[in-house]
Amino acid sequence: MYSVIETHFHTVASGHAYSTVLEGVAYAKKYGMKGLAITDHGPEMPGGAHLWHFGNQGAMGEEVEGIKIIKGVEANIMNFDGDLDIPEEFLRKLDWVIASYHITCCQPKTVEDHTRGYINVIHNPYVDVLGHSGNDDYVYNYEQVILEAKKHNKLIEINNHSSIGRPGSKERCPIIAKLCKKHGVPVVVGTDAHFATKIGKIDLAMEMLNGIGFPEELILNLDENRFYQYLNSRKRPE
Ligand SMILES: [Zn+2]
Ligand SMILES: [Zn+2]
């Protein structure tokens with residue numbers, strides 16, 4: 001099964017990914033999808049994209065070969081004050097901002113610290129979604145953060161790759177998803193693809209979500225209108 005909009009895709013600009021935007025577009029088209037978010041790693045990730053990569057994404061235009069291009073980033077959360085490696089002047093040019101903890105940028109500490117970090121990130125008006133938060137290294141107070149996300153119209157990512165690539169995520173992702181269901185917090189299912197052929201394939205995550213009876217209407221990127229309705233509902237600073 002494929003998503004309609006891929007919300008998490010890394011190109012060669014990430015340094016450890018292996019496809020271009022055009023290759024991503026070709027596969028999104030082949031898989032019958034409608035949109036592709038370009039979410040390369042921020043500059044503090046070793047090999048990550050330079051800030052100018054994020055400032056110049058308008059160069060790609062709005063749509064290529066019938067696939068909508070969503071200008072994005074996977075920003076690194078740098079500390080528990082919620083600082084990101086992308087300054088506001090660059091964030092404001094983007095359509096879609098994922099914020100994630102990565103071991104190279106922010107050393108794990110305590111549950112309280114991870115929770116405080118996420119809550120501070122949620123308060124950043126440009127952040128849309130917390131990336132792969134089921135990670136074992138950054139356990140947090142799930143309910144507290146999910147309720148804060150709800151309050152600020154933010155999303156939680158269910159990362160298809162986590163089911164295989166991140167220790168502990170297989171156990172933690174259903175806990176997170178159940179809390180999103182309980183509190184009516186919308187999610188996106190992203191692949192975190194580092195190669196174009198992997199775009200849109202969300203079988204593992206969908207199996208988990210279906211297994212807990214997760215409501216389809218809360219999965220924003222299974223429907224183009226639903227996804228864009230969310231983007232239009234955000235209150236970003238002028
Ligand atoms: Zn990566
Ligand atoms: Zn990541």
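The values are calculated or read from the model by the stated rules, or taken from the named source; none is laboratory data. As the structure is a prediction and not an experimental result, all values here were calculated from the model. A quick note on method: Cβ atoms are made from the backbone with ideal geometry, for glycine too, and the neighbour counts reach across all protein chains shown. Surface areas here come from the heavy atoms of the whole protein model, side chains and all, with no ligands, DNA or RNA. Shrake-Rupley method; radii C 1.70, N 1.55, O 1.52, S 1.80 Å.
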*asked:* Based on this model, can you work out whether Asn153 counts as on the phi > 0 side of the Ramachandran plot and either part of a helix (DSSP H, G or I) or out of contact with any strand residue (DSSP E or B) (no Cβ under 9 Å at 6 or more places or on another chain) (or both)?
replied: yes
_Residue among Lys198, Lys178, Lys154, Lys150 that is under 15 Å from the mean Cα position of the chain (by Cα) and of a type in the set (Lys, Arg)_ = Lys154
*asked:* Please return the ranges of helices (runs of 4 or more DSSP H) entirely within region 1-116 where 1 or more residues are within 16 Å of ligand 2 (Cβ to nearest atom).
replied: 51-55
*Looking only at region 1-26, which residues are open to solvent by 50 Å² or more (accessible area, probe 1.4 Å) and within 20 Å of Met206 (Cα to Cα)?*
Met1, Tyr2
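Does region 98-128 hold any residues that are within 16 Å of ligand 1 (Cβ to nearest atom) and either buried (at least 20 other Cβ atoms within 10 Å of the Cβ) or not β-branched (Val, Ile, Thr) (or both), and which are they? Break it down stepwise before answering.
The first filter runs over region 98-128 and keeps only residues within 16 Å of ligand 1 (Cβ to nearest atom), leaving 98-106.
Within region 98-128, Ile98, Ala99, Ser100, Tyr101, His102, Cys105, Cys106 meet the criteria.
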_Just to verify a result, which residue in region 1-46, among those that are within 13 Å of ligand 1 (Cβ to nearest atom) and polar (S, T, N, Q), is nearest to Leu222 (Cα to Cα)?_
Thr39
